[in-house]
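*Asks:* Please read through the structure below; I'll follow up with questions.
Throughout, read-outs are computed from the coordinates displayed, never taken from laboratory work. Keep in mind that what you see is a predicted model, and the values were worked out from it rather than measured. No Cβ is skipped: glycine too gets one built from the backbone with ideal geometry, and neighbour counts run over all protein chains shown.
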Ligand code: GLY
């Protein structure tokens with residue numbers, strides 16, 4: 001039997017859709033969800049979904065929201081939104097111009113999920129395609145699989161008619177990689193731990209000198225949306241960790257880690273340190289917490305607590321014993337309640353933000369944080 005709507009939550013979050021009883025709390029797995037008669041559509045994303053336009057008139061969240069309210073399929077609309085960021089050479093964390101791996105090769109990850117159709121698709125470590133989200137969507141639409149990687153992903157994309165390019169670096173991403181490479185002692189490459197430390201030290205130095213954007217070290221855009229019928233979809237796409245070991249795959253293309261949704265509950269996606277989400281399967285955890293009736297914000301806080309508890313290695317801790325990296329979650333439920341939640345609320349003193357588009361237009365909002373003020377250095 002569906003739960004009753006908690007009126008306090010309903011009012012607090014401003015969800016003004018006309019709902020049948022039960023909306024706002026998830027059904028137990030296998031139970032019929034409440035029927036939603038009208039939800040106010042929402043699109044939520046990482047802050048880059050509010051920034052980049054690739055020379056066009058709209059940002060990711062505006063584009064996706066417009067398409068959703070015109071009746072387009074929610075996932076098609078979200079993918080069209082993130083395509084803007086993937087194609088924009090100025091965003092060095094996603095698609096074309098994303099920061100390359102340690103060998104200077106841009107390797108991209110993406111996955112997407114469709115709530116009503118209960119389908120998912122993803123690609124990892126794909127080279128030569130500017131829009132990995134569209135290849136992930138092609139996996140969802142055209143195969144029985146959920147993840148295709150490396151050369152197989154590129155071959156699949158070629159067979160699906162995608163253009164394969166020799167190099168997705170832009171002058172900006174190549175310049176950053178060359179500088180990073182120049183500063184690294186190549187002999188560290190032989191020892192993965194020393195190489196990791198050296199890479200991190202050089203990256204921090206380059207951030208302090210303004211040569212790398214600290215907010216983009218882990219890169220990524222996640223974008224989730226819900227339409228008036230309560231249909232939920234999501235997509236995550238990234239160039240992954242900057243200067244990663246070739247072949248390293250983060251959370252973004254992994255179902256349950258960088259994206260998870262259940263069409264009868266809601267969606268959660270992430271940016272930030274992918275290893276933390278892989279270890280904790282955070283997005284899946286968040287959706288299951290929402291299924292138990294929790295608000296998107298509280299559900300995401302639960303995942304952040306899990307990440308904090310499971311981060312024990314000294315190299316990953318500040319001198320206060322707290323995680324020395326960022327992880328941000330973008331969460332919405334099928335009634336249109338949403339939240340942007342992060343371990344820390346600021347980066348170098350500036351508020352961390354997420355993007356949202358509703359009937360009131362696009363906005364950047366501050367994240368809610370588990371640990372308060374942020375780090376002065378990242379990653
Ligand atoms: N969250 C992006 C990555 O870790 O690759």
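*Asks:* Label-point separation (nm) for residue 144 and residue 179, each offset 7 Å from Cα along Cα-to-Cβ?
*Replies:* Each label point is offset 7 Å from its Cα along the Cβ direction, giving 5.0 nm.
*Asks:* A further question follows. Provide 212, 365 in ascending order of the number of other Cβ atoms located within 10 Å of each residue's Cβ, fewest first.
*Replies:* Working: 212 23, 365 16.
Exposure proxy ranking, most exposed first: 365, 212.
*Asks:* While we're here: Between helix 60-69 and the chain, what is the angle of the helix's C-alpha long axis to the longest principal axis, kept within 0 to 90° and rounded to the nearest 10?
*Replies:* Roughly 30 degrees between the two axes.
*Asks:* Still on this model: Just rank 314, 175, fewest to most, by other beta-carbon atoms within 10 angstrom. Each step should come with its number before you reach the end.
*Replies:* Numbers: 314 7, 175 12.
Lowest to highest Cβ neighbour count: 314, 175.
*Asks:* Something else: Quick one: angle between helix 74-87 and the longest Cα principal axis of the chain, in degrees between 0 and 90, rounded to 10, please.
*Replies:* The angle comes out near 20 degrees.
*Asks:* So for the pair residue 163, residue 292, with labels modelled 7 Å out along Cα→Cβ, what separation do we get in nm?
*Replies:* 4.9 nm
*Asks:* Hey, another quick one. Starting from the Cα-Cα distance between residue 350 and residue 213, subtract it from 0.36 nm times their residue separation and give me the gain in nm to one decimal.
*Replies:* On the way: separation 137, 0.36 × 137 = 49.32 nm, distance 1.32 nm.
Result for the pair: 48.0 nm of gain on full extension.
*Asks:* Along the Cα-to-Cβ line of residue 172, 7 Å from the Cα, sits a label point; which residues in the stretch 235-250 have backbone N less than 17 Å from it?
*Replies:* Residues 238-240, 242-243 fall inside that zone.
*Asks:* Still on this structure, I have one more. Run through the DSSP bridge list for the chain and note the antiparallel percent, rounded to the nearest 5. Mind showing how you got there, number by number?
*Replies:* On the way: 53 of 59 bridges.
Here the antiparallel bridges make up roughly 90 percent for the chain.
*Asks:* Give the relative contact order (percent, whole number) for the chain; include only Cα pairs under 8 Å separated by 6+ residues.
*Replies:* On the way: 1007 pairs, mean separation 76.1, N = 379.
Relative contact order for the chain comes out at 20 percent.
*Asks:* So how much slack lies between residue 53 and residue 90, counting 0.36 nm per residue of separation and subtracting their Cα-Cα distance, in nm? Numbers along the way, then the final one.
*Replies:* On the way: separation 37, 0.36 × 37 = 13.32 nm, distance 0.95 nm.
The span from residue 53 to residue 90 would gain 12.4 nm if fully extended.
*Asks:* Please state the relative contact order of the stretch 98-182 as a whole percent: Cα pairs under 8 Å, 6+ residues apart?
*Replies:* Numbers: 151 pairs, mean separation 27.8, N = 85.
Taking the mean separation of contacting Cα pairs over the length of the stretch 98-182, I get 33 percent.
*Asks:* For the stretch 272-317 and the stretch 335-379, what is the separation of their C-alpha centers, rounded to whole Å?
*Replies:* So the separation of the two Cα centres works out to 16 Å.
*Asks:* Between the helical axis of 282-291 and the dominant principal axis of the chain, each derived from Cα atoms, what acute angle in degrees is found, rounded to the nearest 10?
*Replies:* Helix 282-291 sits roughly 10 degrees off the main axis of the chain.
*Asks:* What list do you get for 65, 162, 329, 279 if you sort them by fewest beta carbons within 10 Å? Mind dumping the intermediate values first?
*Replies:* Details: 65 27, 162 19, 329 30, 279 15.
In order of increasing Cβ crowding within 10 Å: 279, 162, 65, 329.
*Asks:* Pop a pseudo-label 7 angstrom from the Cα along the beta-carbon direction at both residue 318 and residue 360 and give the gap in nm to one decimal.
*Replies:* Each label point lies 7 Å from its Cα, and together they span 3.0 nm.
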